[in-house]
Amino acid sequence: MKTSLLGPPPPLKWAGGKRWFVRRYRDALLKVPCRRIVEPFAGGLSLSFEIASHKNIPVLASDINPHLINFYKSLQLKEFEPIDLEVSKEFYTAIRSEFNQLITIGADSSLRGAQLFWALNRLGFNGLCRFNKAGFFNTPYGSGYRKSLQLPWDKYSVLLKNWTFQVGSFETLEIQKKDFLFCDPPYDHGWQGYYESSFSFEQQVLLARWVQSQSVPAVLMNHATPRILELYKSLGFNIHIISAPRRISARSDCRENTEEVLAMHRLSWQDLFKSV
Ligand SMILES: C[S@@+](CC[C@H](N)C(=O)[O-])C[C@H]1O[C@@H](n2cnc3c(N)ncnc32)[C@H](O)[C@@H]1O
C-alpha cells in the first residue's frame, strides 16, 4: 500500500534510491523503536529524510563517496546555495569539466564542489554517480530534469542540524543502544559503479555478519539472488521477499519489476509490516 510522504524531498536523485520502499512501508518504519537512524550506505537518504524528520530524531549517515558527504555537510552548514541550472548538454559538459578540474587540483571538498555535485546530479542520467578508474566523474547527460521541482533549501539545514555525516565503510561505524540500522548496499549482481571499487560478494558476507552481530533492530535490503538468500538465511535473518521497481535502465520498457529481499534483524515482519 502506498502512503503520501510528508518529509522534505531528498535533494538528490539516487540510483537504487529507496523512496518507493519508504512510500510503501512508511507506517511500519515509523513504528520501529529508535532514537537515531544509522544509514551506512547513505546515497540519497530516502529513508532518513522521511522517517527521521517525522520522528524528529538524528541520523548517522555514512557513504564511501566523499563528494556526496561533502554535499550533505555543506547543506548542514547552511553555506549551500544552488547554482542556476541550464537544461542543456553544453552546460552539463562545462560543469562536469569544472568539477573534474576541482578533483585534479584537490579542491573538490569545497562549497563549489558541493554545488557542482548537486547540479551534476540533477542534470545527469537517472541519478547515476559514476566515476572512471582515475577518479573523474563521467556520468552522461540525462534528460529527466524537472524544472518545476522546488526544493525546500531552508528546511534542510534545520533538519540536518543534529545529523552526523561520515565518509567510509560500514565497519567503522559505532552503533549505539537505541539505533535503528538501515543498510542498503549496492545490489548483489546489480549496478556496481557507485564509487571507485565495486562491492564484492565477500563484502556482502562481511556486511551481513556485521549487521547480525549488532544488538539493535536492523533492516538489510538486497537483490534476492540465490546466494544472498542463502547467506541471510544461514545467519538467521527474518526474511521477506518483495517486488521492487528497477529504474537504472534508459529504456522504459526495460524497467521491469524485480524481487528484493528484506532481511530483518531483531525485527519481525509479522509485528511491523504485515498490518500496513
Ligand atoms: C543503493 S545506494 C543507497 C541508496 C539510498 N538508500 C537511497 O535511498 O538513496 C548504495 C550506496 O552505497 C554506497 N557504497 C558503495 N560501497 C560502499 C561501501 N563499501 N561502504 C559504504 N558505502 C558504500 C554507494 O556510494 C551508494 O551511495
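The values are calculated or read from the model by the stated rules, or taken from the named source; none is laboratory data. In this text the structure is predicted, and so the values were computed from the model without any measurement. We place every Cβ from the backbone using ideal geometry, glycine too, and count neighbours over all the protein chains shown.
Here are the numbers for the structure shown:
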read-out	value
Search result, residues across the range 101-123 that are over 20 Å from GLN150 (Cα atoms) and either buried (at least 20 other Cβ atoms within 10 Å of the Cβ) or aliphatic (A, V, I, L, M) (or both)	LEU102, ILE103, ILE105, ALA107, ASP108, LEU111, GLY113
Complete set of residues in the range 124-147 that are closer than 16 Å to ASN100 by Cα, aromatic (Phe, Trp, Tyr) and assigned to a loop (DSSP other than H, G, I, E, B)	PHE136
Qualifying residue in the range 63-79 (condition: within 16 Å of the ligand (Cβ to nearest atom) and part of a strand (DSSP E or B))	yes
Any chance GLY16 is near the ligand (Cβ under 10 Å from one of its atoms) and modelled with pLDDT under 95	yes
Filter result for the condition that a residue is of a type in the set (Phe, Trp, Tyr), closer than 24 Å to PHE21 by Cβ and touching a strand residue (DSSP E or B) at 6+ places or on another chain (Cβ under 6 Å), over PHE99, PHE125, PHE180	PHE180
Candidates LEU111, LEU123, LEU102, filtered to the one that is under 19 Å from the mean Cα position of the chain (by Cα) and not assigned by TED's automatic domain parsing to the domain that holds PHE71	LEU123
Residue satisfying condition, being over 26 Å from PHE125 (Cα atoms), more than 16 Å from the chain's Cα centre (by Cα) and either modelled with pLDDT of 95 or more or more than 14 Å from the ligand (Cβ to nearest atom) (or both), within set VAL205, VAL219	VAL205
From the options GLN176, GLN166, GLN150, residue that is within 13 Å of the ligand (Cβ to nearest atom) and surrounded by fewer than 19 Cβ atoms within 10 Å (Cβ to Cβ)	GLN166
Boolean, PRO10 is in a loop (DSSP other than H, G, I, E, B) and either under 28 Å from SER110 (Cβ atoms) or modelled with pLDDT of 95 or more (or both)	yes
